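Shown next, in structure tokens, is the structure this report addresses.
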Amino acid sequence: MTKLKIKNNEVAFYAMGGLGEIGKNMYCVQFQDEIIVIDCGVLFPEDELLGVDYVIQNYDYLIENKDKIKGIFITHGHEDHIGGLPFFLQKVNAPIYAGPFAMSLIKGKLEEKHLLRNAELHEINEFDEVHFKKLWVSFFRTTHSIPDTLGIAVHTPQGTIVQTGDFKFDLTPVGNLPGPNLQQMAKLGDDGVLLLTSDSTNAERPEFTKSERWVDIHIRRIFERIKGRIIFASFASNVYRLREASDAAIAQGRKIAVFGRSMENAITAGQELGYLNIPKDSLIDQNEINNYPPEKVLIMCTGSQGEPMAALSRIANGTHRQITIQPEDTVVFSSNPIPGNTTSVNALINKLEEDGANVIHGYVNNIHTSGHGGQVDEEFMLRLMKPKFFAPVHGEYRMQKIHTKLAEMTGVPKENSFVLANGDVLALTKDSCRVADHIDSVSDVYIDGRDAGDTVGNPEIRERRLLSEEGVVTAIAVVDLKDYQIVAGPDIVSRGFVYMHESQELIKAANHEVFWAILNTFKNHKHIDQRVLNRTIISRLQKLLYDRTGRRPVIIPIVTILNGNNRSENQHYRRPNNKNNQTHKNERQNNHSHRNSQQHSKKKNSKEKQPVATGNTK
């Protein structure tokens, strides 16, 4: 079992994910034999991670120390904070503590993966306390772009460690929902905060993030101007935004149709918990939208980030079963692209415009505000908490670094701020703080599938990238090791390398190269097996293709061996006297000098035994 290099009286804080990046948040507080885990998120892959569905943390350290884990405490229900739970619970079945809305989303995830029955779930609110033998946990209400967001305070024998979760100070939230509980935060600060770990997402923005109320006003004004059908795209989890859109539509007498499974789940949860107030007669079935005039319809859908399989992308591409773009349609993007999605979002907007829709998007139209606080919000949090030590989290390195400067401006000594990386272990006492260790196993794990075991590594990613850039060439042949004959092939198949019908000369040359590679293997190797044949084919074909094209495709030999068990050593050759072999020889002789042609002729007439090739040589 891996043990941290800290003293017995020290409290450890470390991140399995969420530092130097925006995503896969997972933070841990450990004192002796007790570990508190805060959040368990995923990171959505960048474009170069071909075929990868999610990026999660390496859980090895926590799996080794699973008996110490007291619970997983969730700050809110966004994917970068709860998306990893189904994968983690397949390894460690720890209790989960979460607010009402996050718990509703978690139950849906676990049920989908057949994990709900065995899960230990505890719904909590801002006034609850959870006590263990040495540690205890309390909460405070914050505001974000999703309901029931909580900050988490872990109380240890050395002092209190606070994790803010994602936050901004929205003093006028929509729907008369509660704002941030400043009194709870101030009390924590007055009682003393040993370490504050705070959201750094918008540390580069010198502003106080606007309230959702501001967006609500502009959405109503925009909806009032639109005469045709409205297609409203947003994050499904942004229930506040869904409320603003649905309230504006209902005020205009529009019917609401919902598309996208995550959107349907969010609206169901929002209705059940009272965050949405959509009358039943205002919701219509997906197949009923054409029964109403366009000016009386609002379509709420997923796909604001340009996801290829989301509802909005399928609408734009003309592959959606119920919806096609009409000339008077207006598509409203009530979100901004997250890092890595800008290209796909812009392409989607262009496609919608080409189809004839009017597209409204971005901050310029005042229909989006961030759920993360800017510099003023972050400074306000620092003033309320008054921490002795500070470690910025949930941000890339430059954001973390700027956040430490804000901390210094609000009274935290420069030497008391720490820009950590995933796996760094911060060891704390009442009077000291130091980077004491690093968890080496912390790394990215690529999920290609549905379960924690469906992983791919860097070698597979490199191969996929090579396939996408260079293509693949397959060489197919059947050989008989009893008589050392090529009984079928060789055949060349190209995918993503060259278009075969336009590259017949190259394909023919590749066929010949494989043919002679096999014959020479028969002649020159005492022991012949699959590995020897494959290695020779790859080597010779790779050189030919690079010489001809300057490219290096992935080469896959598929050689079927007949009677391979009958001959373990290549001791007896037969003379290549069939027509196909003779054809190959004649064509190859035409490309050599007269002297080489004479040498080939002498070799053919000699009595030395040679391998026999039969079948299609192309």
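The values are calculated or read from the model by the stated rules, or taken from the named source; none is laboratory data. Keep in mind that this is a model prediction, so the values were computed, not measured. Virtual Cβ from ideal backbone geometry, glycine too; neighbours counted across all protein chains shown. Surface areas here come from the heavy atoms of the whole protein model, side chains and all, with no ligands, DNA or RNA. Shrake-Rupley method; radii C 1.70, N 1.55, O 1.52, S 1.80 Å.
The packing ranking of peptides 283-295, 188-200, 19-31, 421-433, highest mean first, is 19-31, 188-200, 421-433, 283-295, where packing means the average number of other beta carbon atoms within 10 angstrom of each residue.
Using a 1.4 Å probe on the protein chains only, how many percent of the accessible area of the range 250-307 belongs to carbon and sulfur?
On the range 250-307, the fraction of accessible area on carbon and sulfur atoms equals 44 percent.
Protection proxy ranking for 542-550, 148-156, 221-229, using the average of other Cβ atoms within 10 Å per residue and placing the highest first: 148-156, 221-229, 542-550. Radius of gyration (Cα atoms) of the chain, expressed as a multiple of 2.2 N^0.38 Å: 1.27.
Based on DSSP H runs of at least 4 residues, each adding -39500 (n - 2.57), what is the mean residue ellipticity at 222 nm of the chain after dividing by all its residues, to the nearest 500 deg cm²/dmol?
Working: 17 runs with 199 residues, N = 618.
Taken over the chain, the calculation gives -10000 deg cm²/dmol.
Ordering 375, 346, 461 by the projection of their Cα atoms onto the charge dipole of the range 336-479, which places +1 on the Cβ of Lys and Arg and -1 on the Cβ of Asp and Glu, puts 375 at the extreme positive end.
Rounded to the nearest 20 debye, the dipole size of the range 241-365 about its Cα centre is 180 debye, using +1 on the Cβ of Lys and Arg and -1 on the Cβ of Asp and Glu.
The residue 280 and residue 398 beta-carbon pair, evaluated with R₀ = 56 Å, returns a calculated FRET efficiency of approximately 0.70. Looking at the calculated P(r) for the range 292-392, what percent of the C-alpha pair distances fall above 19 Å? Cα-Cα pairs in the range 292-392 separated by more than 19 Å: 52 percent. Of the peptides 404-410, 496-502, the ranking by mean beta-carbon count within 10 Å, highest at the top, reads 404-410, 496-502.
The Cβ shell under 15 Å around residue 550 holds other residues with a net charge of +1, Lys and Arg each +1, Asp and Glu each -1. Solvent-accessible surface of the range 97-199, taken per residue with a 1.4 Å probe and all protein chains present: 39 Å². Among 234, 108, 89, flag the residue with its Cα farthest along the positive direction of the charge dipole of the chain, charges on Cβ as +1 for Lys/Arg and -1 for Asp/Glu. Checking the options against the dipole of the chain, the answer is 89.
Quick one: dipole size for the chain, taken about the Cα centre, charges +1 on Lys/Arg Cβ and -1 on Asp/Glu Cβ, in debye to the nearest 20.
My answer is approximately 3560 debye.
For the range 353-466, a simple Cβ point-charge model (Lys and Arg +1, Asp and Glu -1, everything else neutral) yields a dipole of about 740 debye relative to the Cα centre. Does the range 353-415 classify as rounded, prolate or oblate by the C-alpha gyration tensor (a ≥ b ≥ c root eigenvalues; a/c under 1.5 gives rounded; else a/b over b/c gives prolate, otherwise oblate)? Prolate is the answer for the range 353-415, as a/c is 1.5 or above and a/b outweighs b/c. To the nearest ten degrees, helix 342-354 and the longest principal axis of the Cα atoms of the chain are 90 degrees apart. Which residue, chosen from 208, 4, 493, occupies the Cα position most advanced towards the positive end of the dipole of the chain, where the dipole is computed from +1 (Lys, Arg) and -1 (Asp, Glu) charges on Cβ about the Cα centre? It is 493.
Over the range 392-520, how many pairs of lysines fall under 29 Å by alpha carbon, counting only those 8 or more apart in sequence or from different chains? Could the numbers behind the result be given before it?
Numbers: 401/414; 401/430; 405/414; 405/430; 414/430; 482/508.
Pairs that pass both the separation and distance tests number 6.
For the chain, take the longest principal axis of its alpha carbons; what is the angle in degrees between that and the long axis of helix 182-191, to the nearest 10 within 0 to 90? It is inclined by approximately 90 degrees. Between 0 and 90 degrees, the angle of helix 375-385 with respect to the longest Cα principal axis of the chain falls at about 60 degrees.
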